[in-house]
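Enquirer: One structure coming up, written as structure tokens, with questions to follow.
The values are calculated or read from the model by the stated rules, or taken from the named source; none is laboratory data. Model, not experiment: these values are computed from the prediction. Using ideal geometry, Cβ is built from the backbone for each residue, glycine included, and neighbour counts are taken over all protein chains shown. Heavy atoms of the whole protein, side chains included, go into the accessibility calculation; ligands, DNA and RNA do not. Shrake-Rupley method; radii C 1.70, N 1.55, O 1.52, S 1.80 Å.
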Amino acid sequence: MNNLLKGGLALGGMALAAGGLKWALSSEPRYAPWEKPRFADFENRVLILGGGFGGYNVAKSICELTRKRDDIGVMVISRENYLTFWPMVPGVVSSDVGVRNIAQPLRRTLIRLGASFRRAEIEDVNFEKKTVTADGHQFPYDHLVFALGAEPNFFGIPGVEEHALPMKGISDAVRIRNRVIERFEQAVLEGDELPESALTFVVIGAGATGVETAAQLHVLIHEVLAQEYPNVNPNRFRIMLLDALPNILPELDAGLRRVARGQLAARNIEVMTNAMAEEVTEDCVRLKDGREIHTQNVIWTAGARPNSLVERLGLPLVQRTKGIKVDEYLRVEGFRNVWALGDNATIPNPDDGFVPPNAQAAVKEGKHLAKNILAAIDGRELKPFKYRSQGQLIDLGSHFAVNDVFGVKFSGRLASLFWRGAYLVRLDSPQGRVRQAFDWALEYFAHPTVAQIRDYQAAE
Ligand SMILES: Cc1cc2nc3c(=O)[nH]c(=O)nc-3n(C[C@H](O)[C@H](O)[C@H](O)COP(=O)(O)OP(=O)(O)OC[C@H]3O[C@@H](n4cnc5c(N)ncnc54)[C@H](O)[C@@H]3O)c2cc1C
């Protein structure tokens, strides 16, 4: 790429930064801290459980729609005080994406909007008394929203939970990155004595998360770390991608799937379809057809299920999915004032069975549910939720993506730029957006640097 284009990109990054900073500084908080009534004192209290894509968007939309009203209080309770911007999490593996850019602070944003926030673990709900217990404290509500997301599903396969690294969070992505660095360090010390199984990474699950994770592992090994370990041949590392289904990326059309598969093959990422894992041990993945893959590094992305807390609370569930059963207004079956959305719910879609559990849908559901809750408070008619997918964007790292946007299919470098632009715009935190734009502009001149913070969890 010539220097003129690089300069142009850097300038573009700076322009984005300036715009982002202006935006960040211009938004006025709704209340001065001493003016805001206590959540419990509002006439209509909307309590939202979970501060992910679904929960955050309900809270944000209600606050935006009620700026001139003082009868509606909104509180979000969530386990972490940040919103994880999931689509960029696989990028953390290679350090293409910075952790603090995609862990978007919930407290500051919600407080500025006029909502309340509590970082706490939800334990129980008393539907008769209309209270929620979180970290031992009671929270009253008039309207309750379940937005607790999903958790990994190991399908009872022996050994997965004990031996595989899940990919369900920023810490998991950092853990995977650290594992790769660890293997490079061992390879330097032990040379050829290090068994091949230590350098074999098997990603189980070839949906979007699995494919993106395998691609980012390749970037980390070949583009970032290889130059820092001149004594280690990066081609000793093996990356395998397994799926029980006949195809990778089943949600994409056949043409884009072929392009993605071709890209993976060009990078020596070995794809095995119709490969059902039956057992995972410390150093092996056993397949149903009897084959064995010797590996000490298994990454699990093959399944997710609605948060199991919703099952323990005795909510009505759709048996097949174990998601909360809601009607077309996103209201939980059998309740007038309890609502659910996102990955912990199974939502009917008029022409299409059920709404897919993804971020795009959760955001739309959040905005729609906000309007329905306000309609219920004001005694107006509720509107049914209908979902239409805008498409799929899959980042394969190394400036390559495969995209389907409203039926327009494209791939390659332009698709990668589109992927970055589309997700930068969707990052809610202006600071995160500006920093990530700068990081990507810098990347045209130098690869990201990587450090192994071994006590990452404790350091947080
Ligand atoms: C690695 C990865 C990559 C993904 N990439 C994409 C993508 O590119 N595009 C896309 O459309 N979708 C993607 N998804 C799916 C998408 O992230 C989810 O569908 C979306 O986040 C659902 O929103 P949600 O609000 O239901 O759940 P979440 O966003 O997961 O939010 C749930 C919230 O509830 C909180 N919580 C859970 N239990 C408790 C409890 N007991 N107490 C307190 N708080 C609790 C959690 O901490 C979390 O904040 C990805 C998912 C993963 C795992």
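Enquirer: Name every residue in the stretch 182-237 that is hydroxyl-bearing (Ser, Thr, Tyr), open to solvent by 20 Å² or more (accessible area, probe 1.4 Å) and touching a helix residue (DSSP H, G or I) at 6+ places or on another chain (Cβ under 6 Å), in order of residue number.
Expert: Residue satisfying the conditions is Tyr229 alone.
Enquirer: So which helices (runs of 4 or more DSSP H) are wholly in the stretch 349-460 and hold at least 1 residues that are within 21 Å of Val211 (Cα to Cα) and of a type in the set (A, V, I, L, M)?
Expert: 359-378, 413-426
Enquirer: Evaluate the stretch 371-380: report whether one residue or more is in contact (Cβ under 8 Å) with a residue 40 or more places away in the chain, hydrophobic (A, V, I, L, M, F, W, C) and on the phi > 0 side of the Ramachandran plot.
Expert: Scanning the stretch 371-380 turns up no residue that is in contact (Cβ under 8 Å) with a residue 40 or more places away in the chain, hydrophobic (A, V, I, L, M, F, W, C) and on the phi > 0 side of the Ramachandran plot.
Enquirer: Does Val298 satisfy the criteria of being outside the structural domain of Leu83 (by TED's automatic domain parsing) and closer than 28 Å to Val89 by Cα?
Expert: Judged against the criteria, Val298 is a match.
Enquirer: Taking interchain pairs and intrachain pairs at least six residues apart, which have beta carbon atoms under 6 angstrom, with the first residue in the stretch 59-73 and surrounded by 20 or more Cβ atoms within 10 Å (Cβ to Cβ) and the second modelled with pLDDT of 95 or more and basic (Lys, Arg)?
Expert: Ser61/Lys367; Gly73/Arg45
Enquirer: Continuing with the same structure: Which one of these is aliphatic (A, V, I, L, M), open to solvent by less than 30 Å² (accessible area, probe 1.4 Å) and not assigned by TED's automatic domain parsing to the domain that holds Val58: Leu442, Leu414, Leu374, Leu427?
Expert: Leu427
Enquirer: Hey, could you check the stretch 352-370 for residues that are open to solvent by 30 Å² or more (accessible area, probe 1.4 Å) and over 20 Å from Val405 (Cα atoms) and say which is farthest from the ligand (Cβ to nearest atom)?
Expert: Within the stretch 352-370, the match that is farthest from the ligand (Cβ to nearest atom) is Gly353.
Enquirer: Still on this structure, I have one more. Please go through the stretch 381-399 and pick out each residue that is farther than 14 Å from Lys367 by Cβ, buried (at least 18 other Cβ atoms within 10 Å of the Cβ) and either among the aromatic types (Phe, Trp, Tyr) or in contact with a Pro (Cβ under 8 Å, 6 or more places away or on another chain) (or both).
Expert: Leu393, Asp395
Enquirer: Got a sec? Which of Asn178, Asn231, Asn235 is without any contact (Cβ under 8 Å) to a residue 40 or more places away in the chain and assigned by TED's automatic domain parsing to the domain that holds Glu282?
Expert: Result of the check over Asn178, Asn231, Asn235: Asn235.
Enquirer: Moving on to the next point. Taking the stretch 121-156 on its own, how many of its residues are more than 18 Å from Asn337 (Cβ to Cβ) and out of contact with any Phe, Trp or Tyr (no Cβ under 9 Å at 6 or more places or on another chain)?
Expert: Qualifying residue count for the region: 11.
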